[in-house]
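The values are calculated or read from the model by the stated rules, or taken from the named source; none is laboratory data. Since this is a predicted model, take the numbers as computed values, not measurements. As a convention, Cβ positions derive from the backbone with ideal geometry for all residues, glycine included, and neighbour counts pool all protein chains shown. Side chains included, ligands, DNA and RNA excluded: accessible areas come from the protein's heavy atoms. Shrake-Rupley method; radii C 1.70, N 1.55, O 1.52, S 1.80 Å.
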Amino acid sequence: NKELLIRQGIQFHWKNNNYKSFNDFLKTLSSRKRKVIKKERLCLVTNGIKVKLLTANNIKKKHWDFFYKCYLNTTSKKWGSTYLTKDFFYKLGVGFSDKILLIVAYKDKVMVASAINFISSTHLYGRLWGTLYDIPYLHFELCYYQAIDYAIANNIKNVEAGAQGEHKLQRGYMPEKTWSLHWIKDQEFSKAIDQYLDQEINLMNKQKLDLEQFAPFKNLN
């Protein structure tokens with residue numbers, strides 16, 4: 001049996017410290033960070049946008065069709081490959097709709113952007129988003145702030161916003177270590193990768209410490 005290789009990475013997670021409201025969360029941030037977030041959240045009012053949170057039977061075929069348009073628009077802009085099909089999302093809706101939170105933004109009753117999250121009793125996993133229009137700060141609103149609102153309202157303890165994007169740090173999502181296991185058939189290739197992973201772990205640990213220096217919270221400044 002070939003030994004499994006362990007890879008360490010970093011994701012950005014938001015922790016719910018028994019907040020009663022979004023303002024409770026804001027109070028834990030530095031004054032400058034609070035002002036930035038409040039300004040960004042005005043994007044809904046400024047642009048006349050309404051947001052709907054859809055789960056279970058409230059997610060209809062028209063919502064999946066629109067979300068897929070958003071998904072294609074995002075991947076076409078270099079931020080990923082289009083490896084998921086529309087049928088994949090339809091099947092998600094049939095088999096797992098009660099585990100899905102679909103956030104949809106409307107302007108003049110027309111859908112303009114959306115983000116998909118997966119729900120457990122303790123976690124909200126944000127994964128994909130897209131928009132058909134360039135609306136400043138809407139990405140932050142749909143992917144980060146709406147997720148925080150939902151977590152607080154439903155007593156969910158963690159929101160995982162995925163890897164990459166140090167901008168998440170400034171919005172209350174802290175770097176956390178993650179691990180994955182890998183099996184490489186070719187022994188020589190596996191040995192080379194293993195040596196790289198040993199070096200990468202040190203880099204990840206340093207990156208986590210460096211990122212924490214820019215934490216937006218009062219007690220970490």
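With only Lys, Arg, Asp and Glu charged, each at its Cβ (+1 for the first two, -1 for the last two), find how big the charge dipole of region 87-130 is about the Cα centre; round to the nearest 20 debye.
Dipole magnitude for region 87-130 comes out near 60 debye.
Projecting each Cα onto the charge dipole of the chain (Lys/Arg +1, Asp/Glu -1 at the beta carbon, about the Cα centre), which of 162, 151, 110 comes out farthest on the positive side?
Farthest towards the positive pole: 110.
Considering only the other residues whose Cβ falls under 15 Å of the Cβ of residue 53, what net charge follows from Lys and Arg at +1 and Asp and Glu at -1?
It works out to a net charge of +1.
Given the DSSP H assignment, sum -39500 (n - 2.57) over each helix run of at least 4 residues in the chain and divide by its residue total; what's the result at 222 nm in deg cm²/dmol, nearest 500?
-11000 deg cm²/dmol
Using a 1.4 Å probe on the protein chains only, how many percent of the accessible area of the chain belongs to carbon and sulfur?
With neighbouring chains kept in place, the figure for the chain is 54 percent.
If you count only protein heavy atoms and use a 1.4 Å probe, how large is the accessible surface of residue 150, to the nearest 10 Å²?
40 Å²
Place +1 on the Cβ of every Lys and Arg and -1 on the Cβ of every Asp and Glu in the chain, take the dipole about the Cα centre, and give the residue among 123, 205, 8 whose Cα lies farthest towards its positive end.
It is 123, whose Cα lies furthest towards the positive end.
So if I place +1 on the C-beta of Lys and Arg and -1 on the C-beta of Asp and Glu, and nothing else carries charge, what would the dipole magnitude of region 97-221 be about its Cα centre? I want it in debye, nearest 20.
So the dipole magnitude of region 97-221 works out to roughly 340 debye.
Considering only Cα-Cα distances, which of the following residue pairs are longer than 28 Å: 39/109; 52/77; 99/191; 99/208?
99/191; 99/208
If packing is taken as the average number of other Cβ atoms within 10 Å across a peptide's residues, how do 6-13, 95-102 rank, most packed first?
6-13, 95-102
Placing +1 at every Lys and Arg Cβ and -1 at every Asp and Glu Cβ, with all other atoms neutral, what dipole size does region 64-161 have around its Cα centre, in debye to the nearest 20?
With only Lys, Arg, Asp and Glu charged at Cβ, the dipole is about 200 debye.
Which FRET efficiency value, to the nearest 0.05, is calculated for residue 7 and residue 167 with the Förster distance at 25 angstrom and r the Cβ-Cβ distance?
Once rounded, the FRET efficiency stands at 0.55.
Give the calculated FRET efficiency between residue 32 and residue 210 to the nearest 0.05, with a Förster radius of 22 Å applied to their Cβ-Cβ distance.
Working from the Cβ atoms, E equals 0.65.
So how far apart, in nm, are the two label points at residue 52 and residue 158 if each is 7 Å from Cα heading toward Cβ?
A separation of 3.2 nm, rounded to one decimal place.
Using just the C-alpha positions of the chain as equal point scatterers, what log10 of I(q)/I(0) does the Debye formula give at each q in 0.10, 0.11, 0.14, 0.18 1/Å?
Debye intensities relative to I(0), on a log10 scale: -0.53, -0.63, -0.98, -1.36.
Counting only heavy atoms of the protein chains, get the accessible area per residue of the chain (1.4 Å probe) and round it to a whole Å² value.
Per-residue value: 59 Å².
Just want the answer: with Cβ charges of +1 for Lys and Arg and -1 for Asp and Glu, which residue in 82, 136, 96 is farthest toward the dipole's positive end in the chain?
136
Cα convex hull of region 1-125: mean projected area in nm², to one decimal?
With the hull built on Cα positions only, its mean projection is 12.1 nm².
Using R₀ = 45 Å, calculate the FRET efficiency as 1/(1 + (r/R₀)^6) where r is the Cβ-Cβ separation of residue 39 and residue 61; round to 0.05.
Plugging the Cβ-Cβ distance into 1/(1 + (r/R0)^6) gives 0.80.
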